[in-house]
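These notes are about the structure you will find just below.
The values are calculated or read from the model by the stated rules, or taken from the named source; none is laboratory data. Since the structure is predicted, the reported quantities are computational estimates derived from the model, not experimental observations. Don't worry about glycine lacking a Cβ; one is built from the backbone with ideal geometry, like all the others, and counts go over all protein chains shown.
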Amino acid sequence: MPSLQDPLLVVTDLDGSLLDHHTYSWQAAAGWLEKLKAHRIPVVICSSKTSAEIKTLQTGMGLEGAPFIAENGALLHAGALGQGQQPDEPVTTLLGQDYAAIREALETLRRSHGFKFFGFGDVNEQLIGEWTGLAPHDALLAQQRQASEALIWRDSDERMTEFVQELEARSLALIQGGRFYHVLSKGSNKGAAVRWLLSLFRRNDGRPWQSLGLGDGPNDVLMLQAVDYAVIIRGYSKTPLDLGPSQKNVYRTAAYGPEGWTEGLEHFITSDGLE
Ligand SMILES: [Mg+2]
């Protein structure tokens, strides 16, 4: 089990994990966020949210400058690490197709096949606010997409199968999130992004960085398989997450959201009596 003195990366989902699913509050996790900061353990947000949304949340949580993974792994920000230590490494890395290319593919598919869906690029911030419960200003941040589209599906399950096949033919993939479906480049996901970031940390200072991940939804499975210690936060989805036999260190929390987040860290991180 890792201790607060070890080189450890904490990678976390937001909605339903660090943030309460209903209220978006993280207050129940504030104590551990402070403790991790005091021990210089980076907390890497790994979310379907946009860079603009994540940067705003980082500021509120005192995590400014930390690396983060946005838009379900389609976008990586190495933060101060990338800036200071790896001059050749871009601070922001876009994996795969950009937002304009994805929108163009979606609009073409809608015209040619008549699929019924609404993407964030089809509507205004008021409607996104209604869908998400976000204030109009925050909904605008959710609309600043760079490498994936979030959408609401308004067609049948059969048409969904056809839609996924058409996306695949265009090197795109569909991921199911907590509230929305997400269309992004095939091969981009939270797990691939976490592996990339871990290798960057290990290359940077040669230390044997370990990782602890926390998530609650099906779009967190690849991320939780990519880390050394996986915390499955109790969620609202019907089927429990299955990480498969290769992930040995798994803890399922009894509590939801940020309370579960705290419970997971308490379980895995030993304090060594040096706090
Ligand atoms: Mg979630």
Taking the stretch 133-153 and keeping only residues that are out of contact with any strand residue (DSSP E or B) (no Cβ under 6 Å at 6 or more places or on another chain) and farther than 14 Å from Thr50 by Cα, one is left with Gly133, Ala135, Pro136
Across the stretch 105-142, the tally of residues that are assigned to a helix (DSSP H, G or I) and exposed (fewer than 14 other Cβ atoms within 10 Å of the Cβ) stands at 9
Within the stretch 83-100, the count of residues that are modelled with pLDDT of 95 or more and loosely packed, with under 15 Cβ neighbours inside 10 Å comes to 1
Might you let me know whether the stretch 145-166 holds any residue that is within 16 Å of the ligand (Cβ to nearest atom), on the phi < 0 side of the Ramachandran plot and not charged (D, E, K, R)? yes
Counting only residues in the stretch 203-241 that are within 16 Å of the ligand (Cβ to nearest atom) and among the acidic types (Asp, Glu), the one farthest from Ala192 (Cα to Cα) is identified as Asp216
Given (1) in contact (Cβ under 8 Å) with a residue 12 or more places away in the chain; (2) within 15 Å of the ligand (Cβ to nearest atom), Ser3 misses just (2)
Subset of the stretch 164-176, residues more than 13 Å from the chain's Cα centre (by Cα) and not in a helix (DSSP H, G or I), comes to Arg170, Ser171, Leu172, Ala173, Leu174
